[in-house]
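To keep things clear, I will list the structure first and then write my remarks on it.
Every read-out reported here was derived from the displayed coordinates using simple, explicitly stated rules and does not represent laboratory data. Note that this is a predicted model, so its numbers are computed, not measured. All Cβ positions, even for glycine, are placed from backbone atoms using ideal geometry, and neighbour counts span all protein chains on display.
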Amino acid sequence: MSVALVARGVIPEGSATPWLKHYPRCTPPHLEYPDEPVWWLLEQSARLFPDRDAIRYFRQSITYAELFERARKAAQLFRSLGVKPGDRIGLLLPNIPEYLIAAYGAWMAGALVVSLSPMSVTVEIDDLLRTTGCNVVVCLDLLAPLVKKCSCRPAHLLTCSIAARLPTFQGLVYRAMNLNRNGLHIGSHATTRDFIAELMKVAPILMPIRCESKSPAYILPTGGTTGRPKAVTLSHANLIANALQIKAWCGNRTGRDTFLAVVPFFHSYGLSTCGTAGIAMAATLVLHHRFNPETILDLIESTRPSVFPAVPAMLHALNQHLRDAKRQRDVRSLMWVISGGAPLMPATAIEFARFTGAKVVEGFGLSECSPVTHAGPLDGSERPGTIGMPLPDTDALIVDAETGCETVATGEVGELIVRGPQVMLGYWNDPVETARILRNGWLYTGDLATQDADGFFKIVDRKKDLIITSGFNVYPNDVEFVLKEYPDVKDAAVIGVPDIQRGEIVKAVVVVTNAARFDRERFVRFMKDNLSHHKVPRIVEIVEGDLPRNFLGKVLRRTLKKQL
């Protein structure tokens with residue numbers, strides 16, 4: 001059966017979608033998707049559960065009614081700054097209440113949210129601001145220098161602080177760090193203002209903008225293959241679809257769950273599983289801005305979450321602490337743990353399930369798909385080692401990895417391709433790359449996978465040399481591009497090395513001009529100054545001679561791995 005036939009809808013009933021026979025009873029195969037903007041999710045939950053806590057962050061609690069009103073205020077604030085429908089607003093924030101307030105406010109103002117990672121360096125933020133034409137940025141005050149140093153500085157910089165919400169000693173440390181970075185005043189930026197103070201000055205917007213659901217809503221960078229990141233563009237319909245698909249996968253529970261929201265919102269995984277799906281479920285979101293095993297265990301004990309979207313590195317670290325704990329931890333409130341972002345080792349899942357009593361399943365997705373396409377069933381029928389089955393209304397095929405034009409037999413390895421309402425509009429202002437990955441309505445993931453007779457999928461390898469470390473994607477070309485800028489580096493290759501805690505770590509293999517005089521410490525500082533934290537190689541190996549290359553001059557990374 002060719003992909004061309006499938007793309008025209010010629011799918012043999014019962015053979016192309018065998019997973020439907022194994023869906024949990026409470027999960028429908030098809031859903032209805034409202035023709036609404038993303039903020040409609042918040043509006044509905046605020047209407048149905050106005051007094052339910054939407055957010056808990058340290059001692060701060062915000063109900064759904066309060067969150068909806070603050071988002072409306074943010075929309076009015078953005079409009080007062082000249083934001084028009086279709087404009088872009090950057091968010092450089094960790095998981096704090098202001099992220100959701102600003103994001104939903106931006107959507108109510110008809111604007112697009114541009115995701116800026118706190119793990120980025122100035123050159124990366126500068127490039128994304130320039131690419132998207134972003135003129136308003138909401139950021140953590142501690143991160144303001146990253147924006148103020150940009151050559152393409154936004155017209156308006158709105159900052160917020162978490163100092164007052166932290167425990168006393170942490171608050172003092174935070175203020176000291178902020179003073180060291182920013183000085184006595186927030187700044188050299190002429191239009192820097194305090195986000196919360198500005199919200200208090202405005203009234204809620206009366207008529208939020210009802211954008212067409214097919215219009216763009218969210219832009220986030222994903223690693224490029226040419227030394228420069230691409231910007232995934234997701235529509236309102238994409239985000240709503242993935243939120244409702246996840247909600248259906250969780251049994252359409254509404255107003256009953258508490259989510260532990262630690263996976264960062266600036267990553268599509270955190271935004272969809274918590275920031276939109278959690279809101280769609282009227283769940284209480286327990287936020288924390290940084291993963292720390294002891295802190296997370298304290299939060300589980302004190303807030304009793306039922307759902308925990310996580311990455312394998314988090315579960316591995318929590319297992320270690322639970323294993324070595326001097327006192328028994330009460331973590332039995334967790335019902336479901338959905339792991340994504342990197343391959344989950346079955347032993348890690350089994351151990352965490354033993355400690356918590358939760359069902360631990362693995363899912364799969366990519367930023368281009370909002371991001372979730374597959375997940376393990378939550379009714380106890382999960383199959384360890386697989387990424388589960390496609391979500392409702394999501395089709396998936398394994399096709400010939402060379403041509404991408406023919407499906408392969410059951411159990412054979414090929415490239416995973418997907419289609420569904422969560423698949424992106426394309427890459428921002430990049431029709432060439434969009435056409436390369438989106439073909440005949442199918443998105444080519446670049447991942448090699450298999451499908452069994454029951455419709456459970458398993459990721460075997462990556463068609464490209466993508467490295468996933470602690471749930472974050474690292475594209476070797478992006479890192480190599482920076483390393484080769486260092487004066488004493490003749491050549492460089494970057495590969496992933498298996499790591500039990502992070503899934504993989506980044507390793508650089510470097511050919512230098514003079515090994516005896518090579519300053520390794522200076523080189524490490526250079527990497528840290530020019531690469532996001534998760535992209536910095538943790539292992540640097542100096543080699544002599546040439547790196548293995550094919551006849552086109554491309555480094556053969558798999559050959560290099562075998563040699564090392």
Total charge dipole magnitude, segment 248-373, about the Cα centre, Cβ charges on Lys, Arg, Asp, Glu only, Debye to nearest 20: 320
Just want the answer: with Cβ charges of +1 for Lys and Arg and -1 for Asp and Glu, which residue in Gly414, Tyr444, Trp428 is farthest toward the dipole's positive end in segment 407-455? Trp428
Any of Lys463/Lys528; Lys149/Lys201; Lys149/Lys528 with alpha carbons more than 20 Å apart? Name them for me. Lys463/Lys528; Lys149/Lys201
Unit charges on C-beta of K, R, D, E only; dipole of the chain, Debye: 1200
For segment 467-563, what proportion of DSSP beta bridges, expressed in % and rounded to the nearest 5, is antiparallel? 75
Cα gyration tensor, segment 226-335 - rounded (a/c under 1.5), prolate or oblate: oblate
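Looking at the chain, what % of its DSSP beta bridges pair antiparallel, to the nearest 5? All intermediate terms of the calculation are to be shown ahead of the outcome.
On the way: 50 of 88 bridges.
Counting only bridges with both partners in the chain, antiparallel ones make up about 55 percent.
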Which distance in Å, rounded to a whole number, links the C-alpha centroids of segment 361-414 and segment 239-280? 20
If amide H atoms are built 1.01 Å from N in the plane of the peptide, which residues on other chains or at least 5 residues away come under 5 Å of the amide H of Ser235? Ala217, Leu425
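Segment 45-185: D in µm²/s via Stokes-Einstein (Kirkwood Rh, Cα pairs, 25 °C, 0.890 mPa s)?
On the way: Rh = 15.9 Å.
Answer, rounded: 155 µm²/s.
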Take each of the peptides 261-271, 156-166, average the number of other beta-carbon atoms within 10 Å over its residues, and list them starting from the highest. 261-271, 156-166
Helix-only mean residue ellipticity at 222 nm, the chain, DSSP H runs n ≥ 4 weighted -39,500 (n - 2.57), per residue, nearest 500. What is it? -8500 deg cm²/dmol
Which entry in [x] 159; [y] 150; [z] 235 matches volume of the Cα convex hull per residue in Å³ derived from the coordinates of this structure? [x]
Post the alpha-carbon centroid distance, segment 444-507 to segment 336-356, in whole angstrom. 21
Using per-residue counts of other Cβ atoms within 10 Å, averaged over each peptide, order 531-544, 365-378, 494-507 from highest down. 365-378, 494-507, 531-544
By per-residue mean of other Cβ atoms within 10 Å, what is the highest-first order of 106-116, 352-362, 446-456? 106-116, 352-362, 446-456
For segment 467-563, the charge dipole (Cβ of Lys, Arg +1; Cβ of Asp, Glu -1; about the Cα centre) points to a positive end, and the Cα of His534, Val512, Pro498 closest to that extreme belongs to Pro498
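Between Glu521 and Asn292, what FRET efficiency comes out of the Förster formula 1/(1 + (r/R0)^6) with R0 = 30 Å and r the beta carbon distance, rounded to 0.05?
Numbers: r = 28 Å, r/R0 = 0.93.
Once the sixth-power term is evaluated, E becomes 0.60.
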Let me know the shape class of segment 76-136, please: from the alpha-carbon gyration tensor, a ≥ b ≥ c as square roots of the eigenvalues, rounded when a/c is under 1.5, otherwise prolate if a/b is greater than b/c, or oblate. oblate
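Could you compute how fast segment 467-563 diffuses translationally, taking Rh as the Kirkwood radius over C-alpha pairs and applying Stokes-Einstein at 20 °C with viscosity 1.002 mPa s? Give it in µm² per second. Walk me through the numbers before you get to the answer.
Numbers: Rh = 13.7 Å.
Answer from the Stokes-Einstein relation: 156 µm²/s.
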